C-alpha cells in the first residue's frame, strides 16, 4: 500500500501522536455508527517523528460526494458521548489544544478554547481588552452555550475544506488532520463556513439528518471566534477583523 508521510511540524512535540489518536477516535466512531462512505486513512506508521498514512487519490468533490459527507457527518454527530472535552491535550494545526472531561460545555468552551487562545495574544493591550470582555459576558455566554448545545458528540475539530479529501475513483470521502474532541457538533458546522468550500448539497444533506437549531447563526460566530483567535496568534493581523466580529457575538449574549 502506498503511503503519504508527514513529518513532525512541531519538532520534539507529540503532535503526530495526537493526530493519530484523533484519527483513531474518528474511525472507531464511524464504524460504531455504521458509516461506510466517510472514511479515515489507514495509519501505516506512527512515531513522534513521522506519521505514514494510506495515500488517497483525491479530486474536487462532486455534489453527490458532498451529500455523502453531509449525511455521514450528521449521523456521526447524532452519536452521544457521556461528557464533553477529552482526557488528554492535543493540537489544532500548530497550536496546542488543552482538554479536560466535563459536563459543562459552556464553561469548557470559555476556558479551554476562548480563554486559552486569548491568553496567547502577545499584544498586551489587546489581550487585556479581550479578557475583560470575555469575563463580562462569561455567565450569559456559558448559559447560552449550555442551553443550546446539541452534544456531546465527537467532532473533527478543524473541519475546513483542506481537511476533507474526495476519492477520485468513487463516492468515498476522507477526513484528515483532526483536532478531535467531544463537543457541541455545531463547532464543526461553524468551521465549514469560515473559509467556504462546502456546497449547498452538503448543508441540505446534513440538515435532513440532524438539523441545526435557530440558535446556530449566533453560535457559528461564537465558535469561529476560537478559530480566528488561533489564526491571529499563528499568522497575524489579517485575522484580527474576524476576532473583533467574534467578540461582538459574545457580547450579544448579554442582551438575549
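What to note about this one:
- Most mobile of 37, 214, 177 in a GNM of the chain (Cα contacts under 10 Å): 214
- Scaling against 2.2 N^0.38 Å puts the C-alpha radius of gyration of region 104-256 at 1.07.
- Measuring between their Cα centroids, region 17-33 and region 161-190 lie 12 Å from each other.
- Distance (nanometres) between label positions extended 7 Å along Cα→Cβ at residue 60 and residue 28: 3.8 nm
- The share of C-alpha pairs in the chain whose separation exceeds 30 Å stands at 25 percent.
- Full-stretch length increase - residue 255, residue 214 - with 0.36 nm per residue and alpha-carbon distance subtracted: 13.1 nm
- Estimated from helical segments only, the mean residue ellipticity of the chain at 222 nm is -14000 deg cm²/dmol, where each DSSP H run of four or more residues counts as -39500 (n - 2.57).
- Most mobile listed residue (98, 41, 211) in the chain, GNM with C-alpha springs under 10 Å: 211
- Cα-only radius of gyration and Dmax that characterise region 47-119, units Å: 16.8, 42
- When both region 124-156 and region 229-251 are represented by their alpha-carbon centers, they are found 14 Å apart.
- FRET efficiency for the pair residue 129 and residue 171, taken as 1/(1 + (r/R0)^6) with r the Cβ-Cβ distance and R0 = 35 Å, rounds to 0.15.
- Annotation: extensible slack from residue 36 through residue 248 equals 72.3 nm (criterion: 0.36 nm per residue apart, minus Cα-Cα distance).
- Under the criterion of Cα pairs below 8 Å and six or more residues apart, the relative contact order for region 1-72 equals 41 percent.
- Listed residues 17, 229, 44, most fluctuating in the chain (Gaussian network, C-alpha, under 10 Å): 44
Read-outs: derived from the displayed coordinates by stated rules, not from any lab. Please read these numbers as outputs of a predicted model, since none were measured by experiment. As a convention, Cβ positions derive from the backbone with ideal geometry for all residues, glycine included, and neighbour counts pool all protein chains shown.
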